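Written below as structure tokens is the structure these notes are about.
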């Protein structure tokens, strides 16, 4: 057998017949492939938005959007099979319209977009697509009202986080409403800075900040409300 190898192929020995078989190899990944689980709701939109963020920060992102048909996938009824076949034909166009409606012209982003429709259990289907395209990352969404700590066991996001063979990003809307930032110390008083300089560090505080702070002692109940302080009994 010749040692010459055809580019894009490899040669194996068929154990049954003992003959050499040349087969085609899948093309190697050429960029940063991201698989996005998308349904026609806001959770998928969060995931798609994060994928576009990645695309805008790199030059080699290819986004693979996947919609998974889950109902009656194992049936052999002719009417159900016909319905599934129609969905497989119609959903790519619906996906395109959905993405264009939510995100506008994708060509404005530095990426290419590939649409996939698969049948089966969502977690397995999304992960299998990641395997098929050598994905660097899977992005799925979650409802903003839920969060990771309350994800139901068995959800798509939770299963992928536990079992995927690549990084998984769970996207949710950014909303810090009602949350306070960590308190920061006030900047050094200009008079204190001058005092430290003029005294070569022997004095740390100006006259105002060096004054005694006397706090009266009393027996009773006190509670701070507002004024920038956390409530608490003192």
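Values as computed for the structure displayed
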{"quantity": "94, 108, 181 arranged by Cβ crowding within 10 Å, fewest neighbours leading", "calculated": "181, 108, 94"}
{"quantity": "Least to most buried among 101, 43 (fewest other Cβ within 10 Å first)", "calculated": "101, 43"}
{"quantity": "Residue-span extension gain [residue 179 to residue 163] - 0.36 nm each, minus C-alpha spacing", "calculated": "2.5 nm"}
{"quantity": "Spin-label pair residue 108/residue 203, simplified geometry with 7 Å Cα→Cβ offset, distance in nm", "calculated": "6.0 nm"}
{"quantity": "Nearest-0.05 FRET efficiency for residue 42 and residue 100, computed from C-beta distance (R0 22 Å)", "calculated": "0.85"}
{"quantity": "Difference of contour (0.36 nm per residue) and Cα-Cα distance, residue 56 to residue 90", "calculated": "9.3 nm"}
{"quantity": "Order of 162, 136, 121 - criterion: other Cβ atoms within 10 Å of each residue's Cβ, fewest first", "calculated": "162, 121, 136"}
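Bear in mind that the values in this text are calculations on the coordinates, not laboratory data. These figures come from a predicted structure and were not determined experimentally. Every residue, glycine among them, receives a Cβ derived from its backbone with ideal geometry; neighbour counts consider all protein chains shown.
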